[in-house]
Amino acid sequence: QVQLVESGGGLVQPGGSLRLSCVASGNIFRFYDMAWYRQAPGKQRDLVAAITSSGNTNYADSVKGRFTISRDNAKNTVYLEMNSLKPEDTAVYFCNARRTIHQYWGQGTQVTVSS
């Protein structure tokens, strides 16, 4: 069992920046593929960015060039650096860990982009 705890969400003005963090429990974090998803009210949960255990990354088209996912295996932490934020980035952001058939979710952190 892996527990994921997100932090770093909040209210930011359009064009601003935030950095989300997700800390995982346990000592095999480095073997997990990690990802950030987001879910806006009334919409489905969508993939934002992912990073494999070997460090390969991929991004949703809507965030390419603005968001950066990274991981620090020594700290059991995955980050999402979000720049040039737009109102349409407003959502609850969820951390996800996956390895073979096992998948875990964090509780989510709210990001609101508004003036």
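Overview of results
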read-out: Test result for Leu4, open to solvent by 60 Å² or more (accessible area, probe 1.4 Å) and either under 19 Å from Ala97 (Cα atoms) or out of contact with any His (no Cβ under 9 Å at 6 or more places or on another chain) (or both); value: no
read-out: Selection count where residues are under 13 Å from Asp33 (Cβ atoms) and either of a type in the set (Ser, Thr, Tyr) or touching an Asp or Glu at 6+ places or on another chain (Cβ under 9 Å) (or both), scope the range 76-108; value: 8
read-out: When residues of the range 19-51 are limited to those that are out of contact with any helix residue (DSSP H, G or I) (no Cβ under 9 Å at 6 or more places or on another chain) and aliphatic (A, V, I, L, M), the one nearest to Leu85 (Cα to Cα); value: Leu20
read-out: Filter result for Arg98 (of a type in the set (D, E, K, R), surrounded by 12 or more Cβ atoms within 10 Å (Cβ to Cβ), in contact (Cβ under 8 Å) with a residue 12 or more places away in the chain and under 15 Å from Leu47 (Cβ atoms)); value: yes
read-out: Residue list for the range 47-64, filter: open to solvent by 40 Å² or more (accessible area, probe 1.4 Å) and within 18 Å of Tyr93 (Cβ to Cβ); value: Leu47, Thr57, Asn58, Tyr59, Asp61, Ser62, Lys64
read-out: Condition met for Phe67 (at pLDDT 95 or above and either of a type in the set (Phe, Trp, Tyr) or open to solvent by 80 Å² or more (accessible area, probe 1.4 Å) (or both)); value: yes
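The values are calculated or read from the model by the stated rules, or taken from the named source; none is laboratory data. Everything numeric in this text was worked out from a predicted model, so none of it was measured. Note that we place each Cβ from the backbone using ideal geometry, even for glycine, and neighbour counts take in every protein chain shown. Just so you know, the surface numbers come from the protein's heavy atoms only, side chains and all, with ligands and any DNA or RNA stripped out. Shrake-Rupley method; radii C 1.70, N 1.55, O 1.52, S 1.80 Å.
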